[in-house]
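Quick notes on the structure that follows.
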């Protein structure tokens with residue numbers, strides 16, 4: 001390895017100081033993870049998987065680590081929960097990265113929850129390593145073999161700090177052989193000075209079935225979320241994410257199908273306005289025979305916002321009979337809105353069916369005209385078309401409760417979007433189209 | 001609503017082009033309340049352009065001229081405002097809208113029109129009753145109305161749905177753009193019966209067609225012949241029969 005003087009960015013220097021001064025550095029495992037982070041540093045556009053999100057440039061500094069929540073913070077979290085319609089049957093609440101037992105429900109039989117030291121994952125990414133090093137707490141949610149849990153379990157990540165702070169959280173979800181359950185992870189409360197780095201590790205044993213939904217509804221300065229999944233033979237996972245807030249959101253998914261006939265369905269709906277940016281980058285590795293993967297991502301991008309979707313499906317030579325399909329679609333509502341789409345297939349087996357497609361465009365003028373010719377005002381016609389576009393994505397989760405959980409923030413975003421478009425004069429219902 | 005005396009639809013010296021190519025040239029046309037006017041003409045004569053321009057499709061350049069509906073200049077209005085005033089275009093090719101259930105769309109259209117008149121939204125039972133009644137006469141089953149708008153509908157289903165919308169919205173000016181295309185005899189009968197049921201002294205129809213066949217079912221009061229972007233002849237129903245026998249060639253030459 002060549003040695004040269006590494007120019008550390010301000011944020012990297014701050015992160016090193018935070019790690020060394022904190023108590024975390026005494027753990028050899030964390031020290032190892034932090035070493036993996038510093039070796040790479042904050043990702044730049046030279047790293048292919050981070051090409052569209054230059055985090056090193058975007059992160060001027062690392063915000064101070066969030067303190068453990070005091071009674072005021074817990075009270076604040078309580079209020080955030082109270083203002084929100086309850087979706088899930090059972091709820092686990094993390095406040096500023098820490099589990100707050102008094103806000104959590106008793107979990108159903110067959111599900112256990114414990115706090116453990118973070119265990120490394122087989123993913124080579126600096127932000128995943130940083131999360132492993134810095135998460136004060138790591139939690140494991142286990143669904144016992146053959147347990148079938150009706151109704152979703154929600155893990156709510158609440159940010160309460162008013163000032164700039166950084167939050168780390170790490171949750172592992174383990175489904176035993178033949179187990180089935182549904183999960184919601186919601187991110188709430190973060191204001192524009194919050195930097196978040198969250199990891200979720202999903203491990204499905206043979207024949208396990210899970211649905212997993214992520215809701216990003218708050219307005220963090222930075223939301224970096226890694227989802228790392230592994231599916232054994234015959235396991236099936238349907239995971240979906242709705243991104244409705246946040247100045248810079250990076251969701252990165254790393255999935256591996258290690259047993260035959262495993263199936264993973266990944267979907268998402270990203271809603272962008274203003275100068276916001278959101279990047280979804282995923283990798284699915286088919287390492288065993290007869291696996292199925294579906295990726296289905298949609299985005300609505302307005303103003304000067306920038307969306308990114310990068311999807312890479314790798315079919316190893318051991319994964320004959322793989323069936324893969326990836327699709328990314330975006331609607332741009334403004335001439336300055338941008339969407340980067342990069343689907344990739346790397347296939348090392350010869351007997352596979354894999355495909356991908358991508359479309360980026362504006363709302364269809366023929367559809368708008370048809371609807372307006374039947375009396376609908378332009379903004380109402382646009383809203384209906386956008387709602388239909390998002391609903392089609394949401395429908396893929398194939399679960400009424402989870403779809404409802406996704407639909408509410410989606411509709412709220414659409415209503416806000418419609419109001420600002422009318423307010424900005426982009427929609428002038430009483431003037432002729434010139 | 002105050003109605004101005006005079007024709008319901010009056011088009012004067014209308015010149016329309018697309019990408020610089022003229023399509024309608026100095027077109028004049030008058031349609032009176034209660035009238036069923038047919039417009040016949042060869043392919044490329046500008047019939048569909050006329051229909052789209054009345055409804056307000058944005059792809060066209062209106063070079064000069066005017067279109068007045070009840071005295072109001074339609075060219076200054078958005079398509080939605082024209083529709084709210086009571087103008088309706090039954091599309092030759094109804095547009096598919098995935099993800100929007102037909103019922104949801106029908107309700108949105110009806111309520112948009114009601115709101116423009118300052119009326120309250122329809123209650124769901126009232127809306128359902130209206131749709132049920134109208135769909136029975138047009139032989140539209142309820143299952144079709146739950147599907148996304150026009151998606152996967154046959155040609156006949158799409159045209160029947162256009163007439164259903166016309167029936168629900170009860171426009172005063174109905175423009176039918178080649179509603180007979182893609183219809184078999186039975187569907188043509190159903191659709192024509194639907195149109196005939198709406199004939200009314202306060203309502204006018206502009207029936208655009210290539211063939212005389214439709215006019216056997218929807219009897220016109222007036223027939224206009226269109227060629228090369230203008231009306232070249234007008235007369236009674238006998239004109240349609242003459243066209244059926246002799247074709248458009250004579251008129252196309254006259255317009256040149």
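What follows is calculated from the coordinates using simple rules that are stated; it is not laboratory data. No experiment lies behind these values; they were computed from the predicted model shown. Ideal geometry is used to build each Cβ from the backbone, glycine not excepted, and the neighbour counts take in all protein chains shown.
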Under 8 Å for C-alpha pairs, at least 6 residues apart: give me the relative contact order for chain A, rounded to a whole percent. 9
Using r as the Cβ-Cβ distance of residue B:95 and residue B:147, and R0 as 22 Å, what FRET efficiency do you calculate, to the nearest 0.05? 0.90
Hey, what number do you get for chain A at 222 nm if only DSSP H runs of n ≥ 4 count, each worth -39500 (n - 2.57), divided across all residues, to the nearest 500? -7000 deg cm²/dmol
Comparing B:201, B:171, B:125, which has the greatest mean-square fluctuation in the GNM of chain B with Cα pairs linked when under 10 Å apart? B:125
Work out the mean other chain Cβ neighbour count within 10 Å for the residues of B:100-107 and drop it here as an integer. 3
Could you work out how far helix B:124-137 tilts from the main Cα principal axis of chain B, as a 0 to 90 degree angle to the nearest 10? 50
Label-point gap, in nm, between residue B:130 and residue A:366 - each point 7 angstrom along Cα→Cβ: 2.9
So for chain B, averaging the separation of alpha carbon pairs under 8 Å that are six or more residues apart and normalising by length, what relative contact order in percent results? 28
With a/c under 1.5 counting as rounded, go ahead and sort the stretch A:95-154 into rounded, prolate or oblate using the C-alpha gyration tensor (a ≥ b ≥ c being the square roots of the eigenvalues; past the cut-off, prolate if a/b is larger than b/c, else oblate). oblate
Percent relative contact order for the stretch A:58-197, counting Cα pairs under 8 Å at least six residues apart, stands at 30
How many nm separate the modelled label positions at residue A:359 and residue A:57, each set 7 Å beyond the Cα in the direction of the Cβ? 3.2
Rounded to the nearest 500 deg cm²/dmol, what is the calculated helix-only ellipticity per residue at 222 nm for chain B, with -39500 (n - 2.57) per DSSP H run of length n ≥ 4? -11500 deg cm²/dmol
Give the average, rounded to an integer, of partner chain Cβ atoms located within 10 angstrom of each Cβ in A:382-394. 3
Relative to the compact-globule scaling 2.2 N^0.38 Å, provide the ratio for the alpha-carbon radius of gyration of the stretch A:10-259. 0.97
Cα centroid distance between the stretch A:204-220 and the stretch B:205-240, in Å? 62
Nearest-0.05 FRET efficiency for residue B:221 and residue B:250, computed from C-beta distance (R0 22 Å): 0.40
